[in-house]
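Here is the structure we will look at, set down as structure tokens.
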Amino acid sequence: MAYKFNCTNCKNRCDGKSLGNYQFKNDVEYSEHYENLLIQEIIDFGLFAKKTERDGYPDVEVYEYEGGPIRCYIEVKAQRRSFMSVSRILPESDLIPSETMVLNLSDLLRYFEVAKVEPVPVYVLWVLSERPCIVANDQHLYFIQKSDVLQKIYNKYGDKRRFRRQSGKGDVVNGQHKGVVVNYHFSLEELTPFDINNI
């Protein structure tokens with residue numbers, strides 16, 4: 001399935017300008033909203049899910065049933081904007097703006113390590129709630145991929161998909177730099193639409 005959308009036809013086109021003001025707290029709350037929605041969807045489906053309490057682990061733990069064996073881990077990333085300059089800044093990335101998905105590089109590498117010691121899959125799930133080029137009728141939509149597949153892509157492209165942005169307002173919270181500045185990028189074509197039946 002191809003997701004090559006024409007950005008010039010978009011009614012709510014990303015402007016390609018750096019925000020400069022990165023609201024870490026707002027981003028966290030936004031992601032947590034979708035974590036809660038995902039957990040409820042999984043429970044409604046008949047499995048059991050909860051937020052993890054394990055440091056360094058993905059956001060959500062999924063179980064066969066409450067108190068039962070663990071089924072998988074899911075990291076939830078809510079992405080609002082596209083990387084409009086990706087083709088210019090990362091010319092060897094094989095990425096185009098409308099399809100570009102982002103993840104904190106340090107998180108990505110940590111999930112690779114978690115996957116090495118866990119007997120169940122580790123997933124990364126992206127939420128495209130404000131990407132009109134992808135999401136029809138302004139509905140949120142989930143795309144997902146296993147960490148081992150993401151690692152193969154990472155091994156193939158290396159630093160060709162890595163980008164460090166400048167720090168901006170909102171990155172520093174209570175004297176600590178919390179904002180993500182080093183990111184890694186993937187294509188929607190490398191992910192699959194989320195289906196609870198397949199986790």
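None of the figures in this text is laboratory data; all of them are computed from the coordinates on show. Note that the structure is a prediction, hence the values are computed from the model and not measured.
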> Stretch Ile43-Phe112 to full length: gain in nm at 0.36 nm per residue minus the Cα-Cα span?
Replying inline: 22.2 nm
> Roughly speaking, what is the stretch gain from Glu190 to Arg164, that is 0.36 nm per residue apart minus the C-alpha to C-alpha distance, in nm to one decimal?
Replying inline: 7.2 nm
